[in-house]
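*Asks:* Take a look at the following structure, please.
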Amino acid sequence: MLPHPTLDQLHRLGLLGMAKALEELHNTREAEALGFDERLAILVEREAAWRDTKRTQARLRRAKLRQHAAVEDVDYRTPRGLDRALFQKLAGGQWIAERHNLLITGPCGVGKSWLACALAHKACRDNRSTLYARLPRLLEDLALARADGRYPRLLKSLARVELLVLDDWGLAPLAAEQRRDLLEVIDDRHDRASTLVTSQLPVDRWHDMIGDPTLADAILDRLVHNAHRIALVGDSLRRRRTAKSPALPSES
């Protein structure tokens, strides 16, 4: 007989994974052969797994990733200069624990944003706070926040994130105010959290893109000195797959 009062109590306590497991045990004949300790272990394990899933889902919602990507789905077959051993090491997340940065560069369409989102997705699964932002949009948000008084609060929230993904770095030269905003973001995170940057520009052209030599030196010194690098090459994966077959993997 299904213990409805027990299930109701588990639901009131928020032990939904345990409640679901208890229902399944009562509907499984094999469960009758299990001892008390074995049944309890199953219930606790299911509750822990349920909480891990809910926590990951919440982190993914807050991360606002641009693409649904996973490190397990990375395409290593297409020639684009992606070092498999390096990427798999980065997927382990030790560089985030050590508060290092990562710079992914390469031409349009070679999968920079997808790879960044895959690493960010893995960081969420590893219980790390993560946020994705296109740099042009983030700079607009910072300008609006300055105007309506949210600027300090927004900077504080950006500084707390364990992994901040700045996509589309260097699409256009920066204005004076944008340079200062970018320095604030990078300085707040320097040696405290990890920043992942994707850009079509090679790193040696970032100084000119930022513009002001003094601010460029300050930004790049904080961002580049402890950064891992992935420099991709080759043709656009989107064009390549359009020309061949729509059934190929969706990374781009």
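The values are calculated or read from the model by the stated rules, or taken from the named source; none is laboratory data. Since the structure is predicted, the reported quantities are computational estimates derived from the model, not experimental observations. Quick reminder, even Gly has a Cβ in these numbers, built from the backbone with ideal geometry, and neighbours come from all protein chains shown.
*Asks:* How many of the residues in the range 66-104 are closer than 22 Å to Ser236 by Cα, in a helix (DSSP H, G or I) and of a type outside the set (Phe, Trp, Tyr)? Talk me through it step by step, then tell me what you get.
*Replies:* Within the range 66-104, the subset closer than 22 Å to Ser236 by Cα is 66-84, 86-87, 102-104.
Then keep just the ones that are in a helix (DSSP H, G or I); that gives 71-73, 84, 86-87.
If we keep only those that are of a type outside the set (Phe, Trp, Tyr) too, we end up with 71-73, 84, 86.
Summing the residues that are closer than 22 Å to Ser236 by Cα, in a helix (DSSP H, G or I) and of a type outside the set (Phe, Trp, Tyr) in the range 66-104 gives 5.
*Asks:* Answer yes or no as to whether Ala116 is in a helix (DSSP H, G or I), assigned by TED's automatic domain parsing to the domain that holds Arg192, crowded, with 21+ Cβ neighbours inside 10 Å and not β-branched (Val, Ile, Thr).
*Replies:* Yes: the conditions hold for Ala116.
*Asks:* If you don't mind, another one. Hey, among the residues in the range 160-181 that are touching a helix residue (DSSP H, G or I) at 6+ places or on another chain (Cβ under 6 Å) and in a helix (DSSP H, G or I), which one's surrounded by the most Cβ atoms within 10 Å (Cβ to Cβ)?
*Replies:* For the range 160-181, the residue satisfying everything is Asp181.
*Asks:* Hey, Leu158 hits all of (1) in contact with a Lys or Arg (Cβ under 8 Å, 6 or more places away or on another chain); (2) in contact (Cβ under 8 Å) with a residue 60 or more places away in the chain but one; which does it fall short on?
*Replies:* Just one mismatch for Leu158, condition (2).
*Asks:* If you don't mind, another one. Quick check, is Ala145 in a helix (DSSP H, G or I) and buried (at least 20 other Cβ atoms within 10 Å of the Cβ)? I'd like the intermediate steps shown before the answer.
*Replies:* Details: in a helix (DSSP H, G or I): yes; buried (at least 20 other Cβ atoms within 10 Å of the Cβ): no.
Judged against the criteria, Ala145 is not a match.
*Asks:* Could you please give the count of residues in the range 164-193 that are under 16 Å from Lys112 (Cβ atoms) and either charged (D, E, K, R) or at pLDDT 95 or above (or both)?
*Replies:* Filtering the range 164-193 down to residues under 16 Å from Lys112 (Cβ atoms) leaves 164-171.
In the following step, the residues that additionally are either charged (D, E, K, R) or at pLDDT 95 or above (or both) were identified as 164-169.
The number of residues fulfilling the criteria is 6.
*Asks:* Does at least one position in the range 45-65 carry a residue that is outside any helix (DSSP H, G or I), crowded, with 17+ Cβ neighbours inside 10 Å, touching a residue at least 40 places away in the same chain (Cβ under 8 Å) and not acidic (Asp, Glu)? Spell out how you get there, then give the answer.
*Replies:* Applying the first criterion (outside any helix (DSSP H, G or I)) to the range 45-65 yields 64-65.
Keeping just the survivors that are crowded, with 17+ Cβ neighbours inside 10 Å gives 65.
From what's left, touching a residue at least 40 places away in the same chain (Cβ under 8 Å): 65.
Now restrict to residues that are not acidic (Asp, Glu): 65.
Yes: the range 45-65 contains one or more residues that are outside any helix (DSSP H, G or I), crowded, with 17+ Cβ neighbours inside 10 Å, touching a residue at least 40 places away in the same chain (Cβ under 8 Å) and not acidic (Asp, Glu).
*Asks:* Right, next: Among the listed residues Leu119, Leu86, Leu183, which satisfies the condition of being among the aliphatic types (A, V, I, L, M) and without any contact (Cβ under 8 Å) to a residue 40 or more places away in the chain?
*Replies:* Just one listed residue meets the conditions, Leu183.
*Asks:* Looking only at the range 194-252, how many residues end up being modelled with pLDDT under 90 and of a type in the set (Asp, Glu)? I'd like the intermediate steps shown before the answer.
*Replies:* Just the residues of the range 194-252 that are modelled with pLDDT under 90, to begin with: 234-252.
Narrowing further to those that are of a type in the set (Asp, Glu): 235, 251.
Adding up the residues that qualify gives 2.
*Asks:* Scanning for something touching a Gly at 6+ places or on another chain (Cβ under 8 Å) and basic (Lys, Arg), does the range 20-41 turn up at least one residue? Quick ask: steps written out before the conclusion?
*Replies:* The first filter runs over the range 20-41 and keeps only residues touching a Gly at 6+ places or on another chain (Cβ under 8 Å), leaving none.
For the range 20-41, residues touching a Gly at 6+ places or on another chain (Cβ under 8 Å) and basic (Lys, Arg): absent.
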